[in-house]
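Any read-out appearing in this document is the output of simple, stated calculations on the displayed coordinates, not a laboratory observation. Since the model is a prediction, treat every value here as computed from it, not as a measurement. FYI the Cβ positions are ideal-geometry reconstructions off the backbone, even for glycines, and counts take in every protein chain you see.
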Amino acid sequence: MRKFDEYGLSLCRYQAGLFSLSEKRAECSSPVFLRRFMYSDAARRMDGEGFLLESVPPEALIDEIAAEYGESDYGKIKYHAEELYWIGYIYRYWCYMREISSRQVYKIIKPEELKNLYYPYHSLDPEQAVERIIEAKGLHEEEEIRRGVELLRKLRGTKCL
């Protein structure tokens, strides 16, 4: 797990603002937009390094996602802007701190589940919220195994073994 720094904070705020903006700007429902985003090229770029150097305004990113997947007015469910902000922040925080992809986090917890956790968890520190979700889903063992495998791969890469 990495240290939460200024870059991570800026990424979290950016994605949170993007998700919040999607309430009004995205034509499709909130669950559809969030799924599209988490699987998009934009999310892959955010998972890597240097995304904030692109200086892409959130409005342009919403248009980019619509262009990638096509325009759609599918679905009627729209989450509130505050819920979307929190969901975006938690997703990006989780990805950034644990160095996993948006797709991986999306497979662990869907937006509907996060929306249902908004009221009980939104006042918690993001790390506490993520920890509680991991614990509730019984993922601690899987996360420890994943970290162990990553460490072994790094050691092999340095030819220490």
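Can you compute the helix-only [θ] at 222 nm over the chain? Use -39500 (n - 2.57) per DSSP H run of at least 4 residues, normalise by all residues, nearest 500 deg cm²/dmol. Walk me through the numbers on the way to the answer.
Values: 9 runs with 113 residues, N = 161.
So the helix-based figure for the chain works out to -22000 deg cm²/dmol.
If I take the Cα coordinates of region 6-124 and project them onto the principal axes, what are the three extents in Å, biggest first?
Here the Cα extents, ordered largest to smallest, are 35, 34, 22 Å.
Shape verdict for region 75-127, please, from the Cα gyration tensor: rounded (a/c under 1.5), prolate (a/b greater than b/c) or oblate.
oblate
Using the Karplus curve 6.51 cos²θ - 1.76 cosθ + 1.60 with θ = phi - 60°, work out ³J(HN,Hα) for each residue of region 42-54 in order, rounded to whole Hz, and write x for Gly and Pro.
Residue by residue, region 42-54 yields 4, 5, 4, 5, 5, 5, x, 9, x, 4, 5, 6, 5 Hz.
Please give the FRET efficiency for GLU112 paired with SER10, using the beta carbon to beta carbon distance and R0 = 25 Å, rounded to the nearest 0.05. Don't skip to the end; give the middle numbers.
Working: r = 27 Å, r/R0 = 1.09.
Step by step, r from the Cβ atoms, then E = 0.35.
Run the quick spin-label model on GLN104 and ASP41: label points 7 Å from Cα toward the beta carbon, then report their separation in nm to one decimal.
Label-label distance for GLN104 and ASP41, simple model: 2.3 nm.
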